[in-house]
């Protein structure tokens, strides 16, 4: 698997859902290879991130660090560990290429035009994870989502209704994601599982299949959402437009 990303240890820990202490412990046990050196700076890449996520996933499934070490050693012994890491990246990697934004509170507020006189909206934005606090900086995980919400507000939608709709939307998409993942697990993933892990000879094939499948979920949802929005817009707004045109039409001559 090609190594692309570059992460400092705190970035690696955050992206991998772990801690700096755990990353160092995994290195000490040989579960993570040492970082690359750029002068005096230690940098990790996507292969480190994929392995960190695999370790976390296996720990969640009840494997001990000793078990995980034996698994990695066995793959080193006769199989390409890159196949397993590539599979881990397809399973646990992000589904969006969107890059989070960071800056001081003043920079973020000015960049997005955030209202400074609405503390309730600020609290809700934090609770929903639209904005996160990182030390003395703010992090925006999805600039597109934050900008969309602010644009809807500027168009006239109150913040209270926006956050209520976001809560409902997340519930809906969580249900869609759960169904889609179950569909793939049952029909694509499970047939290649042996003793709770992918068969070594099938790892590369399974990784390639998952790589082709990953974009399909968002494609299907986008297409169906566009279809549904068009139908509802025609039903709701089209009827209102027809009424307005009828009211503004000049009276027919008798």
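The values are calculated or read from the model by the stated rules, or taken from the named source; none is laboratory data. As the structure is a computational prediction, the values presented were derived from the model and not from experiment. Please note: Cβ atoms are built from the backbone with ideal geometry, for glycine as well, and neighbour counts cover all protein chains shown.
A compact table of results
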{"read-out": "Given (1) modelled with pLDDT of 85 or more; (2) part of a helix (DSSP H, G or I), index of the condition residue 210 fails", "value": "(1)"}
{"read-out": "Qualifying residue in segment 29-44 (condition: at pLDDT 90 or above, part of a loop (DSSP other than H, G, I, E, B) and within 23 Å of residue 136 (Cα to Cα))", "value": "no"}
{"read-out": "Filter pass, residue 88 being touching a helix residue (DSSP H, G or I) at 6+ places or on another chain (Cβ under 6 Å), modelled with pLDDT of 85 or more, surrounded by 12 or more Cβ atoms within 10 Å (Cβ to Cβ) and under 22 Å from residue 177 (Cβ atoms)", "value": "no"}
{"read-out": "Qualifying residues in segment 4-15 (those that are touching a residue at least 40 places away in the same chain (Cβ under 8 Å) and touching a strand residue (DSSP E or B) at 6+ places or on another chain (Cβ under 9 Å)) - the one surrounded by the most Cβ atoms within 10 Å (Cβ to Cβ)", "value": "12"}
{"read-out": "In segment 127-150, residue surrounded by the fewest Cβ atoms within 10 Å (Cβ to Cβ) [restricted to those that are assigned to a helix (DSSP H, G or I) and in contact with a strand residue (DSSP E or B) (Cβ under 7 Å, 6 or more places away or on another chain)]", "value": "143"}
